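**Student:** Below is one structure. I have some questions about it.
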Amino acid sequence: MSEKATFAAGCFWGIEDAFAQQTGVISTQVGYTGGHTENPVYREVCDGNTGHAEAVLVEFDPAQISYADLLNLFWRLHDPTTLNRQGPDVGSQYHSAIYYHTDQQQAEATAAKADLNQSGKLPRPVVTEITPAAHFYPAEEYHQKYNQKHGRHCAI
């Protein structure tokens, strides 16, 4: 039986590509979540007024890849210490967030964040938001599998 996980870590193109490459990931979909606007479109989200983050919804087989493994990848894919910024992308739509689907995911994400903060590996505290999964609005079709469509791949 598959499970779902939702992560926001900046621009969703590379994040989706990285998760899609993992054995045990059944499917990925980019979209918008966590905001207050119904049925947002890319331009609205980019304007920063919808409250949504660019995110990736991951369907995975927990017999092949654990949620902890997905969390480890999530931490490596971005800088979880920067608020509303990832690389050149700036704005609230690029904030770092974990949207948990179960109480177990919440517990694992909270523990992983605490462990990362206590590890001393990062120069600043982790600002990643951990919140219940909200309605996920799929992004426009041209955003789906963007890197695959354009011959780019995330090196992980």
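**Student:** Could you list, ordered by first residue, the pairs with Cβ atoms under 6 Å in which the first is in region 112-136 and closer than 13 Å to Phe7 by Cβ and the second is among the aliphatic types (A, V, I, L, M) and outside any helix (DSSP H, G or I), at least 6 apart or interchain?
**Tutor:** Close Cβ pairs satisfying both conditions: Lys113/Val126; Glu129/Ala97; Ile130/Ile98; Phe136/Leu57.
**Student:** Assess whether Gln64 counts as being crowded, with 16+ Cβ neighbours inside 10 Å, touching a residue at least 24 places away in the same chain (Cβ under 8 Å) and outside any strand (DSSP E or B).
**Tutor:** On the way: crowded, with 16+ Cβ neighbours inside 10 Å: no; touching a residue at least 24 places away in the same chain (Cβ under 8 Å): yes; outside any strand (DSSP E or B): yes.
For Gln64, the condition - crowded, with 16+ Cβ neighbours inside 10 Å, touching a residue at least 24 places away in the same chain (Cβ under 8 Å) and outside any strand (DSSP E or B) - is not met.
**Student:** Please specify each residue of region 123-153 satisfying the condition of being closer than 17 Å to Ala109 by Cα and either assigned to a loop (DSSP other than H, G, I, E, B) or modelled with pLDDT under 75 (or both). Even if it seems obvious, please write down each step before you answer.
**Tutor:** Within region 123-153, the subset closer than 17 Å to Ala109 by Cα is 125-134.
Hits for region 123-153 are Pro125, Val126, Val127, Thr128, Ala133, Ala134.
**Student:** Just checking, which of Thr37, Thr81, Thr23 is in contact with a Pro (Cβ under 7 Å, 6 or more places away or on another chain), over 16 Å from Gln144 (Cα atoms) and either among the hydrophobic types (A, V, I, L, M, F, W, C) or not in a helix (DSSP H, G or I) (or both)? First the steps, then the outcome.
**Tutor:** On the way: Thr37 fails: in contact with a Pro (Cβ under 7 Å, 6 or more places away or on another chain); Thr23 fails: in contact with a Pro (Cβ under 7 Å, 6 or more places away or on another chain).
Of the residues listed, the single one that is in contact with a Pro (Cβ under 7 Å, 6 or more places away or on another chain), over 16 Å from Gln144 (Cα atoms) and either among the hydrophobic types (A, V, I, L, M, F, W, C) or not in a helix (DSSP H, G or I) (or both) is Thr81.
**Student:** Within region 101-127, track down each residue that is within 17 Å of Arg76 (Cβ to Cβ) and of a type in the set (Ser, Thr, Tyr).
**Tutor:** Ser119
The values are calculated or read from the model by the stated rules, or taken from the named source; none is laboratory data. Computed from a predicted model, the values in this text were never measured in an experiment. Please note: Cβ atoms are built from the backbone with ideal geometry, for glycine as well, and neighbour counts cover all protein chains shown.
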